[in-house]
Amino acid sequence: MFIAKYTIDNIEQYALYYDNSYGWDAFHEDTFSPLTKDLTIIILSIKGNSYQERKEYLRDLAITWQHEFSYLSWSYGELATIQDFFYTNGKRYGLIKEFKENAIC
């Protein structure tokens, strides 16, 4: 799953896409225009070789989410999906208290 934010004709667009063929097709269709600018993508998956690296990556991902994407007007379904990602992984990596204090989940 990934989130993309971009600008077309000075209008900010954003969407949540899933890692299936439909999601990638929709992403390419939405961002294909040569007028697309300021493309920012956040991939909601955990990367790293060790537990500590994955924990730090998740923390950085949450900070990026909060600074770049949280202010946008999401639907309840999209927001629940994103919040579920951070809650599930925050619990796994011991960040749930920190996430709740910072209103991430």
Residue match in the stretch 82-103 (condition: in a helix (DSSP H, G or I), in contact (Cβ under 8 Å) with a residue 60 or more places away in the chain and not hydrophobic (A, V, I, L, M, F, W, C)): no
Single unsatisfied condition, Y71 versus (1) aromatic (F, W, Y); (2) surrounded by 13 or more Cβ atoms within 10 Å (Cβ to Cβ); (3) assigned by TED's automatic domain parsing to the domain that holds E101; (4) not in a helix (DSSP H, G or I): (2)
When residues of the stretch 8-25 are limited to those that are under 16 Å from the mean Cα position of the chain (by Cα) and in a helix (DSSP H, G or I), the one surrounded by the most Cβ atoms within 10 Å (Cβ to Cβ): G23
Cβ pairs under 6 Å, 6+ apart, first in the stretch 48-70 and without any contact (Cβ under 8 Å) to a residue 24 or more places away in the chain, second in a helix (DSSP H, G or I): G48/R54; G48/Y57
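Each row is one residue, and each column tells you yes or no for (1) more than 10 Å from the chain's Cα centre (by Cα); (2) among the β-branched types (V, I, T).
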{"residue": "Y6", "(1), (2)": "yes, no"}
{"residue": "P34", "(1), (2)": "yes, no"}
{"residue": "I41", "(1), (2)": "no, yes"}
{"residue": "L44", "(1), (2)": "no, no"}
{"residue": "S50", "(1), (2)": "yes, no"}
{"residue": "D84", "(1), (2)": "yes, no"}
{"residue": "E98", "(1), (2)": "yes, no"}
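From the residues in the stretch 35-49 that are within 28 Å of Y87 (Cβ to Cβ) and among the aliphatic types (A, V, I, L, M), which one is surrounded by the fewest Cβ atoms within 10 Å (Cβ to Cβ)? It would help to see each step written out before you state the result.
The initial filter retains those residues of the stretch 35-49 that are within 28 Å of Y87 (Cβ to Cβ), namely 39-49.
Now drop any that are not among the aliphatic types (A, V, I, L, M), which leaves 39, 41-44, 46.
Details: L39: 11, I41: 13, I42: 16, I43: 13, L44: 19, I46: 15.
In this case the residue turns out to be L39.
The values are calculated or read from the model by the stated rules, or taken from the named source; none is laboratory data. The structure displayed is predicted, hence computed values, not measured ones. With ideal geometry, Cβ positions are generated from the backbone for all residues, glycine too; neighbour counts draw on all protein chains shown.
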